[in-house]
Amino acid sequence: MEAFRQRLSFRQRKQQDGFTLVELMVVVAVIAILASLAMPQFLNASNKAKEAKIKSDVTTISNAAQLYMMEQSTDTVPTVETLYKEGYLTEHVKTPKGGEYTVTSVQNEGGKGKHIAVTAPDAAN
């Protein structure tokens with residue numbers, strides 16, 4: 001009788017050890033659902049951060065170019081590299097994808113005056 005009890009208690013313990021395959025599959029399914037809900041939010045936040053960086057970079061480069069042109073008394077528009085080398089930018093600013101910003105002088109509508117335009121060729125991608 002004692003051997004039967006030991007065998008029974010061993011079986012009961014063995015059945016209670018670990019998780020069943022069904023339980024593991026349910027956990028994996030729940031994690032997959034949560035991940036699929038969170039991923040679009042993460043990607044949206046990432047895109048917004050890139051857009052904010054581009055806007056900030058464009059403003060910084062434009063201001064640095066205007067200051068350079070005033071201090072140097074020139075109509076020649078500097079490159080980002082020139083602005084960096086001359087100390088008008090603290091770093092060689094690149095787009096989020098590692099591309100180069102371009103600085104150009106654009107004629108205002110009506111033909112009166114010009115303004116600085118900073119573009120990021122790979123920003124639209």
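The values are calculated or read from the model by the stated rules, or taken from the named source; none is laboratory data. None of the values given here were measured: they were computed from a predicted structure. With ideal geometry, Cβ positions are generated from the backbone for all residues, glycine too; neighbour counts draw on all protein chains shown.
Select from the stretch 62-76 the residues that are closer than 16 Å to residue 119 by Cα and either surrounded by fewer than 14 Cβ atoms within 10 Å (Cβ to Cβ) or hydrophobic (A, V, I, L, M, F, W, C) (or both) and list them in ascending order. 64, 65 - these are the residues of the stretch 62-76 that are closer than 16 Å to residue 119 by Cα and either surrounded by fewer than 14 Cβ atoms within 10 Å (Cβ to Cβ) or hydrophobic (A, V, I, L, M, F, W, C) (or both).
Only one of the numbered conditions (1) exposed (fewer than 11 other Cβ atoms within 10 Å of the Cβ); (2) among the small types (Gly, Ala, Ser); (3) at pLDDT below 90 is not met by residue 99, and that is (1).
Within the stretch 46-72, which residues are under 18 Å from residue 106 (Cα atoms) and small (Gly, Ala, Ser)? Once the filter is applied, which keeps residues that are under 18 Å from residue 106 (Cα atoms) and small (Gly, Ala, Ser), the stretch 46-72 yields 62, 64, 65.
Would you check if residue 22 is surrounded by fewer than 10 Cβ atoms within 10 Å (Cβ to Cβ) and either within 30 Å of residue 101 (Cβ to Cβ) or modelled with pLDDT of 90 or more (or both)? Criteria met by residue 22. The residue list 90, 79, 104 contains one member that is surrounded by 13 or more Cβ atoms within 10 Å (Cβ to Cβ), over 23 Å from residue 47 (Cβ atoms) and not acidic (Asp, Glu), which is 79. May I ask you to verify whether residue 39 is in a helix (DSSP H, G or I), at pLDDT below 90 and either of a type in the set (A, V, I, L, M) or surrounded by 14 or more Cβ atoms within 10 Å (Cβ to Cβ) (or both)? Spelling it out, residue 39 is indeed in a helix (DSSP H, G or I), at pLDDT below 90 and either of a type in the set (A, V, I, L, M) or surrounded by 14 or more Cβ atoms within 10 Å (Cβ to Cβ) (or both). When every residue of the stretch 42-55 is checked against the conditions, at least one turns out to be in contact with a Ser or Thr (Cβ under 8 Å, 6 or more places away or on another chain) and assigned to a helix (DSSP H, G or I).
Of the residues examined, residue 83 is one that is in contact with a Leu (Cβ under 6 Å, 6 or more places away or on another chain), part of a helix (DSSP H, G or I) and closer than 22 Å to residue 53 by Cβ.
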